[in-house]
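Report on the structure given below.
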Amino acid sequence: MLRYLKLYWYFVIQRFKILMEYRLNFFIGSISTVLFQGASLVALWAVLRQVPSIQGWTFEQILLIYGLLTLSKGINHLFADNLWVVGRDYIRPGQFDRFLVRPINPLFHLLADRICHDAIGDFIVGLSLVSYAMVQLQLPINLASIGFIILMVISGGIIFIALNLITAATSFWIMDSIAVTNVVFHTNEFAQYPLTFYHRSIGVLLTWLVPYGFASYYPASYLLGHEIGWMAWLAPLVALVCIMIAYKVWLLGLRNYGSTGS
Amino acid sequence: MVPIIDVRNLGKTYRTIEKENGVKGAVKALFRPQYREKVAVHDLSFQIDAGEIVGYIGVNGAGKSTTIKMLTGILYPTTGSIAVLGHDPQRERVANARNIGVVFGQRSQLWWDLALIESLNLVANIYEVEPSRYKQLLSHFAEVLELDEILKTPIRSMSLGQKMRAELAATFIHEPKVVYLDEPTIGLDVMVKQRIREFIKDYNQTHNTTVMLTTHDLGDIEQLCSRVIIIDNGSKVYDGPLNAIKQQFGKFRTITFETNQPMTSVNLPPACEQLNLSEFSLEVRFDRSQISASQVANAVMQQLDVADFTLNEPDLESIIKHLYQNPTAYNEVGARG
């Protein structure tokens with residue numbers, strides 16, 4: 001474990017050196033994430049300012065949900081962005097082979113190969129939103145609430161990573177999984193709002209099938225003292241189950257890996 | 001002695017989806033896929049001992065790369081078993097990976113954007129090479145592979161020859177006991193080729209490293225390998241000393257005749273075989289244990305107005321070519337196994 005941590009740190013440093021070679025890229029990447037998030041927020045604000053609240057949810061409360069989701073997404077973005085492109089950038093050009101002949105876990109190697117600094121933008125936006133919403137809503141900011149948020153963001157991040165890992169593993173069969181990942185990943189947009197906004201089936205879907213709800217709606221409900229908030233405590237368990245299933249699927253994919261011609 | 005590489009009844013069958021042409025075919029393949037099985041490697045067995053350099057050769061698509069990929073743990077075999085220093089390369093991937101080094105001539109294992117020295121540092125970290133040992137090896141490799149000038153160069157701006165030298169350094173930096181080289185000299189100029197062969201030979205002699213080498217360059221084979229395994233259509237067709245092939249086929253010579261007038265058909269004496277016939281030239285192969293060159297030349301010159309002729313010594317290339325073209329010829333050299 002310690003070995004992997006040290007190695008990971010070493011990969012981070014190397015990645016940083018590469019980024020410094022492409023300095024412009026570095027800044028564009030970080031700024032574009034902030035701009036991208038900003039644009040979604042403006043759209044959200046434009047809709048919500050028309051009405052004081054929707055089904056009893058105020059603008060600030062929705063911002064809290066949105067902010068929590070953004071932080072979880074940031075975890076996925078930072079640590080597991082390579083899952084998006086494993087088919088296109090590694091399997092198809094034959095680059096994946098090298099991960100399989102080295103004395104470290106191939107998945108670790110894949111993830112460590114590219115830490116995605118663009119996630120800084122997610123963290124800036126997510127943290128600002130959560131802090132702003134907490135202050136506006138006069139929610140207590142103390143060790144307990146901060147600890148709770150950290151636990152939820154990590155759980156949510158793992159849920160994001162797990163779902164992307166499952167869809168990424170389809171690359172072993174279909175070569176390029178970006179389309180599959182896109183379809184599953186973007187269901188997270190439902191979780192930007194309270195799940196009660198939608199038809200019941202969507203709520204069930206976002207809770208039990210693609211459980212992004214645990215990254216946003218449930219923890220926010222808990223912080224706001226809503227009845228459904230207790231569900232948030234399931235998040236770590238859901239994350240654990242998801243990542244275990246996802247890793248099994250990944251291993252199954254590895255068995256099926258066909259490599260590409262010489 | 002326990003073999004270093006022990007391959008038994010190894011087989012690999014690929015299952016691919018058969019697609020008909022056009023959009024309709026693609027849709028059909030999506031919902032009712034028709035699978036087609038392709039046997040890439042069939043019932044392959046061989047053992048390789050410590051310190052051997054084995055040339056693993058065959059035409060394109062014969063199953064060379066598939067075999068290497070199974071030996072290195074990249075692909076799962078369909079049937080059979082592999083043990084490399086006692087490890088199953090798939091189930092004991094990490095343990096196996098510590099012992100082996102792999103070069104795929106056509107693709108780099110280094111980081112495109114990193115300077116070579118950074119890449120090497122990273123590789124050394126992954127393999128947990130002891131720092132003082134790493135320093136020693138690095139300065140040794142820098143000398144024999146002439147790396148000094150490229151240590152600070154990122155892989156992306158290297159020439160093909162520089163890249164291969166960099167690959168070799170990265171492959172040997174953890175002092176592997178077994179090395180697989182898949183086309184290590186492909187596309188390189190004579191000078192670089194020579195340096196790489198010398199490096200491999202030297203490393204093999206000083207470390208008693210076991211080397212398995214696939215190549216289309218018979219110079220690699222002649223200079224490095226004492227043993228050759230030939231694979232054809234996924235099956236082993238020859239496994240034995242390089243010398244046996246050479247001796248057996250060394251008894252063949254060819255004579256090329258050139259004429260001024262267009263060629264007519266020729267009756268050849270026994271123990272001769274017509275190889276190539278074009279308008280003004282004829283190539284004949286004969287078994288010199290049965291007939292002499294002058295007898296062949298006489299027989300031909302009685303029938304044709306020969307302007308010139310040359311007697312050719314067989315080289316390994318033509319021997320292997322002959323083997324590829326005449327599968328039955330393998331029996332003549334008494335393939336082992």
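The values are calculated or read from the model by the stated rules, or taken from the named source; none is laboratory data. Being a predicted model, the structure only gives us computed values, none of them experimental. Here the Cβ positions follow ideal geometry from the backbone for every residue, glycine too, while neighbour counts run over all protein chains shown. To get the accessible areas, we keep the full protein, side chains included, count just its heavy atoms, and leave off ligands, DNA and RNA. Shrake-Rupley method; radii C 1.70, N 1.55, O 1.52, S 1.80 Å.
Do any helices (runs of 4 or more DSSP H) lying entirely in region B:218-323 carry at least 3 residues that are touching a helix residue (DSSP H, G or I) at 6+ places or on another chain (Cβ under 9 Å), and which ones are they?
B:218-224, B:242-250
Filter region A:109-123 for residues that are touching a helix residue (DSSP H, G or I) at 6+ places or on another chain (Cβ under 6 Å) and either open to solvent by 40 Å² or more (accessible area, probe 1.4 Å) or not acidic (D, E) (or both) and give the result.
If the condition is that a residue be touching a helix residue (DSSP H, G or I) at 6+ places or on another chain (Cβ under 6 Å) and either open to solvent by 40 Å² or more (accessible area, probe 1.4 Å) or not acidic (D, E) (or both), then A:H109, A:L110, A:L111, A:A112, A:R114, A:I115, A:C116, A:A119, A:I120, A:G121, A:F123 are the ones that fit.
Whether any residue in region A:19-36 is touching a Pro at 6+ places or on another chain (Cβ under 9 Å) and within 18 Å of B:E118 (Cα to Cα) is what I want to check.
Within region A:19-36, one or more residues are touching a Pro at 6+ places or on another chain (Cβ under 9 Å) and within 18 Å of B:E118 (Cα to Cα).
For region B:46-55, indicate whether the set of residues that are more than 13 Å from chain A (Cβ to nearest Cβ), more than 24 Å from B:L137 (Cβ to Cβ) and open to solvent by 30 Å² or more (accessible area, probe 1.4 Å) is non-empty. Full working, then the answer.
As a first pass, look at region B:46-55 and keep what is more than 13 Å from chain A (Cβ to nearest Cβ): B:46-55.
This time we only want the ones that are more than 24 Å from B:L137 (Cβ to Cβ), so: B:46-49, B:54-55.
Those left that are additionally open to solvent by 30 Å² or more (accessible area, probe 1.4 Å): B:47, B:49.
Yes, the conditions are met somewhere in region B:46-55.
Which residue is farthest from B:M158 (Cα to Cα), if the candidates are limited to region B:183-203 and must be in contact with a Leu (Cβ under 8 Å, 6 or more places away or on another chain) and of a type outside the set (A, V, I, L, M, F, W, C)?
B:K201
Exactly one of these conditions fails for B:G161: (1) within 12 Å of another protein chain (Cβ to nearest Cβ); (2) of a type in the set (G, A, S); (3) within 23 Å of the chain's Cα centre (by Cα). Give me its number.
(1)
Going by what's in this entry, would A:Y257 be described as within 23 Å of A:N76 (Cα to Cα) and in contact (Cβ under 8 Å) with a residue 24 or more places away in the chain?
No.
Quick grid of which residues meet (1) basic (K, R); (2) in contact with a helix residue (DSSP H, G or I) (Cβ under 7 Å, 6 or more places away or on another chain):
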site	(1), (2)
B:Q136	no, no
B:P154	no, no
B:Y180	no, yes
B:R195	yes, no
B:I200	no, yes
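Would you be able to tell me the number of residues in region A:87-106 that are open to solvent by 30 Å² or more (accessible area, probe 1.4 Å), at the interface with chain B (Cβ under 9 Å from one of its Cβ atoms) and either over 23 Å from the mean Cα position of the chain (by Cα) or β-branched (V, I, T) (or both)? Lay out the reasoning, then the answer.
Within region A:87-106, the first condition is being open to solvent by 30 Å² or more (accessible area, probe 1.4 Å), and the residues that meet it are A:88-89, A:92-93, A:95, A:105.
Pick out the ones that are also at the interface with chain B (Cβ under 9 Å from one of its Cβ atoms) and you get A:93, A:95, A:105.
Still in the list and also either over 23 Å from the mean Cα position of the chain (by Cα) or β-branched (V, I, T) (or both): A:93, A:95.
Counting residues in region A:87-106 that are open to solvent by 30 Å² or more (accessible area, probe 1.4 Å), at the interface with chain B (Cβ under 9 Å from one of its Cβ atoms) and either over 23 Å from the mean Cα position of the chain (by Cα) or β-branched (V, I, T) (or both) gives 2.
Scan region B:164-176 for residues that are under 22 Å from B:S65 (Cβ atoms), within 13 Å of chain A (Cβ to nearest Cβ) and either aliphatic (A, V, I, L, M) or touching a helix residue (DSSP H, G or I) at 6+ places or on another chain (Cβ under 8 Å) (or both) and jot them down.
B:A170, B:P176, listed by residue number.
Quick grid of which residues meet (1) in contact with a Leu (Cβ under 8 Å, 6 or more places away or on another chain); (2) more than 14 Å from chain B (Cβ to nearest Cβ); (3) of a type outside the set (D, E, K, R); (4) at negative phi:
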position	(1), (2), (3), (4)
A:L2	no, no, yes, yes
A:F26	yes, no, yes, yes
A:S32	no, yes, yes, yes
A:L64	yes, yes, yes, yes
A:G74	no, yes, yes, yes
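Could you tell me which residue of region A:18-38 is farthest from A:E189 (Cα to Cα), considering only residues that are open to solvent by 40 Å² or more (accessible area, probe 1.4 Å) and more than 19 Å from the chain's Cα centre (by Cα)?
Residue satisfying both the conditions and the ranking: A:E21.
Which of the helices (runs of 4 or more DSSP H) contained wholly in region A:1-95 include at least 3 residues that are in contact with a helix residue (DSSP H, G or I) (Cβ under 8 Å, 6 or more places away or on another chain) and under 21 Å from A:A162 (Cβ atoms)?
Output list reads A:59-80, A:82-85.
From the list A:L83, A:L165, A:L110, A:L143, which one is within 14 Å of another protein chain (Cβ to nearest Cβ) and at pLDDT 95 or above?
Among A:L83, A:L165, A:L110, A:L143, only A:L110 is within 14 Å of another protein chain (Cβ to nearest Cβ) and at pLDDT 95 or above.
Would you pick out the residues in region B:69-99 that are buried (at least 24 other Cβ atoms within 10 Å of the Cβ), at the interface with chain A (Cβ under 7 Å from one of its Cβ atoms) and touching a residue at least 60 places away in the same chain (Cβ under 8 Å)?
Passing the criteria: B:T72, B:L75.
Answer with yes or no whether B:D305 is in contact (Cβ under 8 Å) with a residue 12 or more places away in the chain and open to solvent by 30 Å² or more (accessible area, probe 1.4 Å).
So B:D305 fits the description; yes.
Could you check B:I245 against (1) in contact with a Leu (Cβ under 9 Å, 6 or more places away or on another chain); (2) crowded, with 17+ Cβ neighbours inside 10 Å; (3) at pLDDT 85 or above and say which number it fails?
Here B:I245 meets the rest and fails (3).
Which of the residues spanning region B:202-218 are open to solvent by 20 Å² or more (accessible area, probe 1.4 Å) and either aliphatic (A, V, I, L, M) or closer than 28 Å to B:H322 by Cα (or both)?
Those that are open to solvent by 20 Å² or more (accessible area, probe 1.4 Å) and either aliphatic (A, V, I, L, M) or closer than 28 Å to B:H322 by Cα (or both): B:H216, B:D217, B:L218.
I'd like to check something: does region B:151-159 contain any residue that is assigned to a helix (DSSP H, G or I), in contact (Cβ under 8 Å) with a residue 24 or more places away in the chain, of a type outside the set (A, V, I, L, M, F, W, C) and farther than 27 Å from A:I18 by Cα? So that I can check it myself, show each step before the final result.
So in region B:151-159, the residues assigned to a helix (DSSP H, G or I) come out as B:155-157.
Now narrow it down to the ones that are in contact (Cβ under 8 Å) with a residue 24 or more places away in the chain: B:155-156.
Cutting the leftovers down to of a type outside the set (A, V, I, L, M, F, W, C) gives us B:156.
Now restrict to residues that are farther than 27 Å from A:I18 by Cα: none.
For region B:151-159, residues assigned to a helix (DSSP H, G or I), in contact (Cβ under 8 Å) with a residue 24 or more places away in the chain, of a type outside the set (A, V, I, L, M, F, W, C) and farther than 27 Å from A:I18 by Cα: absent.
Looking only at region B:124-150, which residues are within 12 Å of B:A166 (Cα to Cα), in a helix (DSSP H, G or I) and touching a residue at least 40 places away in the same chain (Cβ under 8 Å)?
B:V144
From the set of residues in region B:137-155 that are away from chain A (no Cβ under 14 Å) and of a type in the set (A, V, I, L, M), which is most open to solvent (accessible area, probe 1.4 Å)?
Here the answer is B:V144.
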